[in-house]
Amino acid sequence: MDPSTTLPLTVTLAVLAAAVTHAVWNAIAHGIKDQTLAFALIGVGGVAVAIPLIIVAALPRPDSWPYLLSSVAIHVFYVLLLMQCYRLGEFSQVYPLARGVSPLVVTTLAAVFVHEHLALPQIAGVAVVSGGLAFLVFGGRRPGRAAFLAAVGTGLTIAAYTTVDGVGVRLSHSPTGYIAWLMLLQSLCVPLFALIRRRDVLLKQPPRILLSGLAAGALSVLAYGLVLWAQTRGALAPIAALRETSVIFGAIIGTLVFREPFGRTRIAATVLVVAGIVLLNVA
(Lines give C-alpha, C1' and ligand atoms only; values in the text may rest on other atoms or scores of the structure.)
Protein backbone atom coordinates (compact mmCIF):
# COMPACT_ATOMS: atom_id res chain seq x y z
CA MET A 1 0.00 0.00 0.00
CA ASP A 2 1.07 3.63 -0.42
CA PRO A 3 0.82 5.20 3.01
CA SER A 4 -1.04 8.49 3.12
CA THR A 5 0.75 11.55 4.40
CA THR A 6 -2.21 12.25 6.71
CA LEU A 7 -2.14 9.79 9.61
CA PRO A 8 -5.30 7.85 10.50
CA LEU A 9 -6.46 8.25 14.10
CA THR A 10 -5.52 4.65 14.98
CA VAL A 11 -1.96 5.22 13.74
CA THR A 12 -1.68 8.51 15.63
CA LEU A 13 -2.84 6.87 18.87
CA ALA A 14 -0.49 3.89 18.37
CA VAL A 15 2.53 6.16 17.88
CA LEU A 16 1.60 8.30 20.88
CA ALA A 17 1.31 5.09 22.93
CA ALA A 18 4.76 4.15 21.65
CA ALA A 19 6.05 7.58 22.72
CA VAL A 20 4.72 7.09 26.26
CA THR A 21 6.20 3.59 26.43
CA HIS A 22 9.53 4.86 25.09
CA ALA A 23 9.61 7.58 27.76
CA VAL A 24 8.91 5.02 30.49
CA TRP A 25 11.70 2.64 29.50
CA ASN A 26 14.15 5.52 29.10
CA ALA A 27 13.23 6.78 32.56
CA ILE A 28 13.91 3.30 33.96
CA ALA A 29 17.24 3.15 32.13
CA HIS A 30 18.18 6.63 33.31
CA GLY A 31 17.53 5.54 36.89
CA ILE A 32 20.23 2.85 36.67
CA LYS A 33 23.56 4.56 37.42
CA ASP A 34 25.79 2.17 35.43
CA GLN A 35 24.79 2.77 31.79
CA THR A 36 26.59 -0.32 30.47
CA LEU A 37 24.68 -2.40 32.99
CA ALA A 38 21.41 -0.63 32.10
CA PHE A 39 21.73 -1.26 28.37
CA ALA A 40 22.90 -4.82 28.97
CA LEU A 41 19.76 -5.58 30.99
CA ILE A 42 17.60 -3.81 28.41
CA GLY A 43 19.19 -5.99 25.75
CA VAL A 44 18.46 -9.16 27.71
CA GLY A 45 14.85 -8.05 28.18
CA GLY A 46 14.59 -7.39 24.45
CA VAL A 47 15.94 -10.84 23.61
CA ALA A 48 13.56 -12.49 26.10
CA VAL A 49 10.56 -10.87 24.39
CA ALA A 50 11.88 -11.36 20.85
CA ILE A 51 12.38 -15.14 21.03
CA PRO A 52 8.69 -16.06 21.61
CA LEU A 53 7.67 -13.61 18.87
CA ILE A 54 10.08 -15.28 16.43
CA ILE A 55 8.50 -18.65 17.22
CA VAL A 56 4.92 -17.53 16.52
CA ALA A 57 5.41 -14.87 13.80
CA ALA A 58 5.89 -15.40 10.09
CA LEU A 59 9.45 -15.04 8.82
CA PRO A 60 10.06 -11.69 7.09
CA ARG A 61 10.27 -11.96 3.30
CA PRO A 62 13.79 -12.28 1.83
CA ASP A 63 13.86 -8.83 0.20
CA SER A 64 13.43 -7.19 3.63
CA TRP A 65 16.51 -8.82 5.19
CA PRO A 66 19.13 -6.40 3.74
CA TYR A 67 17.20 -3.57 5.40
CA LEU A 68 16.82 -5.51 8.64
CA LEU A 69 20.54 -6.31 8.86
CA SER A 70 21.47 -2.74 7.96
CA SER A 71 19.19 -1.53 10.74
CA VAL A 72 20.91 -3.86 13.21
CA ALA A 73 24.28 -2.28 12.36
CA ILE A 74 22.85 1.25 12.65
CA HIS A 75 21.22 0.40 15.99
CA VAL A 76 24.60 -0.71 17.36
CA PHE A 77 26.10 2.69 16.45
CA TYR A 78 23.03 4.36 17.95
CA VAL A 79 23.51 2.64 21.31
CA LEU A 80 27.23 3.49 21.38
CA LEU A 81 26.52 7.14 20.57
CA LEU A 82 23.68 7.32 23.09
CA MET A 83 25.94 5.99 25.84
CA GLN A 84 28.52 8.61 24.81
CA CYS A 85 25.84 11.30 25.01
CA TYR A 86 24.98 10.34 28.57
CA ARG A 87 28.68 10.32 29.48
CA LEU A 88 29.38 13.78 28.03
CA GLY A 89 26.18 15.69 28.80
CA GLU A 90 23.15 15.84 31.04
CA PHE A 91 20.12 13.75 30.14
CA SER A 92 17.87 16.83 29.89
CA GLN A 93 20.30 18.40 27.39
CA VAL A 94 21.29 15.62 25.00
CA TYR A 95 18.13 13.49 24.89
CA PRO A 96 15.76 16.19 23.51
CA LEU A 97 18.41 17.34 21.03
CA ALA A 98 18.99 13.84 19.68
CA ARG A 99 15.27 13.16 19.35
CA GLY A 100 14.56 16.60 17.86
CA VAL A 101 17.07 16.22 15.03
CA SER A 102 15.59 12.96 13.78
CA PRO A 103 12.18 14.04 12.32
CA LEU A 104 13.70 16.74 10.13
CA VAL A 105 16.26 14.33 8.67
CA VAL A 106 13.63 11.59 8.19
CA THR A 107 11.50 14.07 6.23
CA THR A 108 14.37 14.59 3.78
CA LEU A 109 15.35 10.91 3.58
CA ALA A 110 11.75 9.79 3.05
CA ALA A 111 11.33 12.30 0.21
CA VAL A 112 14.56 11.21 -1.51
CA PHE A 113 14.52 7.45 -1.01
CA VAL A 114 10.84 6.54 -0.42
CA HIS A 115 9.28 9.33 -2.54
CA GLU A 116 6.99 10.43 0.28
CA HIS A 117 6.23 14.11 -0.20
CA LEU A 118 4.30 15.77 2.60
CA ALA A 119 1.69 18.48 2.23
CA LEU A 120 2.62 21.90 3.60
CA PRO A 121 0.72 21.44 6.93
CA GLN A 122 2.56 18.15 7.60
CA ILE A 123 5.94 19.74 6.80
CA ALA A 124 5.08 22.57 9.18
CA GLY A 125 3.99 20.01 11.80
CA VAL A 126 7.32 18.16 11.62
CA ALA A 127 9.23 21.44 11.91
CA VAL A 128 7.13 22.65 14.86
CA VAL A 129 7.51 19.35 16.76
CA SER A 130 11.28 19.37 16.21
CA GLY A 131 11.43 23.03 17.22
CA GLY A 132 9.53 22.32 20.40
CA LEU A 133 11.94 19.52 21.34
CA ALA A 134 14.99 21.67 20.54
CA PHE A 135 13.53 24.46 22.67
CA LEU A 136 13.88 22.15 25.68
CA VAL A 137 17.63 22.16 25.07
CA PHE A 138 18.35 25.77 24.15
CA GLY A 139 15.85 27.17 26.62
CA GLY A 140 18.10 26.00 29.46
CA ARG A 141 21.81 25.46 30.00
CA ARG A 142 23.35 24.48 26.67
CA PRO A 143 25.38 21.28 26.23
CA GLY A 144 29.13 21.41 25.60
CA ARG A 145 30.55 21.01 22.11
CA ALA A 146 31.37 17.30 22.48
CA ALA A 147 27.94 16.49 23.96
CA PHE A 148 26.25 18.55 21.24
CA LEU A 149 28.07 16.66 18.45
CA ALA A 150 27.34 13.29 20.08
CA ALA A 151 23.64 14.18 20.38
CA VAL A 152 23.42 15.32 16.76
CA GLY A 153 25.20 12.11 15.68
CA THR A 154 22.69 10.11 17.71
CA GLY A 155 19.83 11.96 16.01
CA LEU A 156 21.29 11.09 12.60
CA THR A 157 21.44 7.38 13.48
CA ILE A 158 17.83 7.55 14.70
CA ALA A 159 16.82 9.07 11.37
CA ALA A 160 18.81 6.43 9.47
CA TYR A 161 17.30 3.39 11.19
CA THR A 162 13.82 4.94 11.09
CA THR A 163 14.02 5.30 7.31
CA VAL A 164 15.65 1.90 6.74
CA ASP A 165 13.09 0.14 8.94
CA GLY A 166 10.24 2.03 7.32
CA VAL A 167 11.17 0.45 3.99
CA GLY A 168 12.13 -2.93 5.43
CA VAL A 169 8.99 -3.51 7.48
CA ARG A 170 6.78 -2.75 4.47
CA LEU A 171 8.69 -5.31 2.39
CA SER A 172 8.61 -7.91 5.16
CA HIS A 173 4.83 -8.59 5.05
CA SER A 174 5.34 -9.58 8.71
CA PRO A 175 5.76 -6.56 11.02
CA THR A 176 5.84 -8.83 14.09
CA GLY A 177 8.49 -11.07 12.56
CA TYR A 178 10.54 -8.06 11.46
CA ILE A 179 10.56 -6.41 14.89
CA ALA A 180 11.31 -9.75 16.60
CA TRP A 181 14.37 -10.53 14.47
CA LEU A 182 15.55 -6.91 14.63
CA MET A 183 15.33 -6.81 18.41
CA LEU A 184 16.95 -10.22 18.82
CA LEU A 185 19.97 -9.37 16.67
CA GLN A 186 20.53 -5.80 17.81
CA SER A 187 19.90 -6.55 21.49
CA LEU A 188 22.67 -9.14 21.79
CA CYS A 189 25.69 -6.82 21.49
CA VAL A 190 25.77 -5.00 24.83
CA PRO A 191 24.73 -8.05 26.93
CA LEU A 192 27.53 -10.13 25.34
CA PHE A 193 30.04 -7.36 26.08
CA ALA A 194 28.81 -7.07 29.68
CA LEU A 195 28.88 -10.83 30.13
CA ILE A 196 32.52 -11.00 28.98
CA ARG A 197 33.86 -7.83 30.63
CA ARG A 198 31.45 -7.03 33.48
CA ARG A 199 30.17 -10.40 34.66
CA ASP A 200 31.06 -9.70 38.30
CA VAL A 201 29.05 -6.48 38.22
CA LEU A 202 26.01 -8.24 36.74
CA LEU A 203 26.05 -10.95 39.40
CA LYS A 204 26.18 -8.42 42.26
CA GLN A 205 23.08 -6.46 41.26
CA PRO A 206 20.03 -6.60 43.53
CA PRO A 207 16.88 -8.21 42.07
CA ARG A 208 15.14 -4.81 41.85
CA ILE A 209 17.76 -3.47 39.41
CA LEU A 210 17.74 -6.66 37.36
CA LEU A 211 13.95 -6.73 37.05
CA SER A 212 13.79 -3.01 36.24
CA GLY A 213 16.30 -3.40 33.41
CA LEU A 214 14.53 -6.45 32.00
CA ALA A 215 11.17 -4.64 32.14
CA ALA A 216 12.71 -1.68 30.29
CA GLY A 217 13.92 -4.06 27.57
CA ALA A 218 10.45 -5.56 27.14
CA LEU A 219 8.92 -2.07 26.95
CA SER A 220 11.49 -1.05 24.32
CA VAL A 221 10.31 -3.91 22.08
CA LEU A 222 6.68 -2.85 22.53
CA ALA A 223 7.49 0.81 21.84
CA TYR A 224 9.38 0.20 18.62
CA GLY A 225 6.99 -2.55 17.57
CA LEU A 226 4.12 -0.04 17.64
CA VAL A 227 6.19 2.37 15.55
CA LEU A 228 7.01 -0.29 12.94
CA TRP A 229 3.36 -1.30 12.71
CA ALA A 230 2.45 2.35 12.22
CA GLN A 231 5.05 2.69 9.45
CA THR A 232 3.16 0.11 7.40
CA ARG A 233 0.10 2.39 7.52
CA GLY A 234 1.42 5.94 7.47
CA ALA A 235 4.16 8.18 6.10
CA LEU A 236 7.56 8.00 7.80
CA ALA A 237 8.18 11.68 8.60
CA PRO A 238 5.00 12.46 10.59
CA ILE A 239 5.34 9.15 12.44
CA ALA A 240 8.95 10.03 13.33
CA ALA A 241 7.82 13.42 14.62
CA LEU A 242 5.00 11.94 16.69
CA ARG A 243 7.33 9.31 18.13
CA GLU A 244 9.71 11.96 19.44
CA THR A 245 6.97 13.43 21.62
CA SER A 246 8.35 10.84 24.06
CA VAL A 247 10.59 13.71 25.23
CA ILE A 248 7.53 15.62 26.47
CA PHE A 249 6.14 12.52 28.16
CA GLY A 250 9.57 12.00 29.71
CA ALA A 251 9.45 15.53 31.12
CA ILE A 252 6.02 14.81 32.59
CA ILE A 253 7.33 11.58 34.14
CA GLY A 254 10.28 13.52 35.54
CA THR A 255 7.89 15.96 37.20
CA LEU A 256 5.49 13.36 38.59
CA VAL A 257 8.01 10.67 39.60
CA PHE A 258 11.35 12.41 40.13
CA ARG A 259 9.85 15.72 41.39
CA GLU A 260 11.68 17.74 38.73
CA PRO A 261 10.14 21.19 38.09
CA PHE A 262 8.19 21.39 34.83
CA GLY A 263 8.89 25.10 34.39
CA ARG A 264 8.01 27.64 31.71
CA THR A 265 10.41 26.18 29.15
CA ARG A 266 8.75 22.78 29.27
CA ILE A 267 5.30 24.33 29.15
CA ALA A 268 6.24 26.32 26.02
CA ALA A 269 7.81 23.24 24.41
CA THR A 270 4.69 21.19 25.16
CA VAL A 271 2.47 23.83 23.54
CA LEU A 272 4.65 23.79 20.42
CA VAL A 273 4.61 19.98 20.22
CA VAL A 274 0.81 19.85 20.61
CA ALA A 275 0.49 22.45 17.82
CA GLY A 276 2.77 20.31 15.67
CA ILE A 277 0.63 17.22 16.28
CA VAL A 278 -2.45 19.14 15.17
CA LEU A 279 -0.69 20.20 11.94
CA LEU A 280 0.43 16.61 11.28
CA ASN A 281 -3.19 15.51 11.25
CA VAL A 282 -4.59 18.27 9.05
CA ALA A 283 -6.05 16.68 5.94
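The values are calculated or read from the model by the stated rules, or taken from the named source; none is laboratory data. Note that the structure is a prediction, hence the values are computed from the model and not measured. Cβ placement follows ideal geometry from the backbone for every residue including glycine, while neighbour counts extend to all protein chains displayed. Each accessible area value is taken on the protein alone, full model and side chains, heavy atoms only, with ligands, DNA and RNA left out. Shrake-Rupley method; radii C 1.70, N 1.55, O 1.52, S 1.80 Å.
Scan the stretch 203-236 for residues that are more than 20 Å from GLY177 (Cβ to Cβ) and surrounded by fewer than 23 Cβ atoms within 10 Å (Cβ to Cβ) and the total you get is 12.
Screening the stretch 154-202 for residues that are assigned to a loop (DSSP other than H, G, I, E, B) and not polar (S, T, N, Q) and picking the one that is modelled with the highest pLDDT gives HIS173. Just one residue in the set LEU242, LEU280 is within 27 Å of PRO8 (Cα to Cα), of a type in the set (A, V, I, L, M, F, W, C), crowded, with 19+ Cβ neighbours inside 10 Å and modelled with pLDDT under 75; that residue is LEU280.
Restricting the search to the stretch 100-120, which residues are crowded, with 17+ Cβ neighbours inside 10 Å and assigned to a helix (DSSP H, G or I)?
If the condition is that a residue be crowded, with 17+ Cβ neighbours inside 10 Å and assigned to a helix (DSSP H, G or I), then GLY100, VAL101, SER102, PRO103, LEU104, VAL105, VAL106, THR107, LEU109, ALA110, VAL114 are the ones that fit.
Run down LEU80, LEU68, LEU53 and say which single residue is open to solvent by 60 Å² or more (accessible area, probe 1.4 Å), within 18 Å of LEU188 (Cα to Cα) and in a helix (DSSP H, G or I). Of LEU80, LEU68, LEU53, the one residue that is open to solvent by 60 Å² or more (accessible area, probe 1.4 Å), within 18 Å of LEU188 (Cα to Cα) and in a helix (DSSP H, G or I) is LEU80. Look through the stretch 133-153, keep the residues that are modelled with pLDDT of 80 or more and out of contact with any Cys (no Cβ under 8 Å at 6 or more places or on another chain), and return whichever of them is most open to solvent (accessible area, probe 1.4 Å). Result: ARG145.
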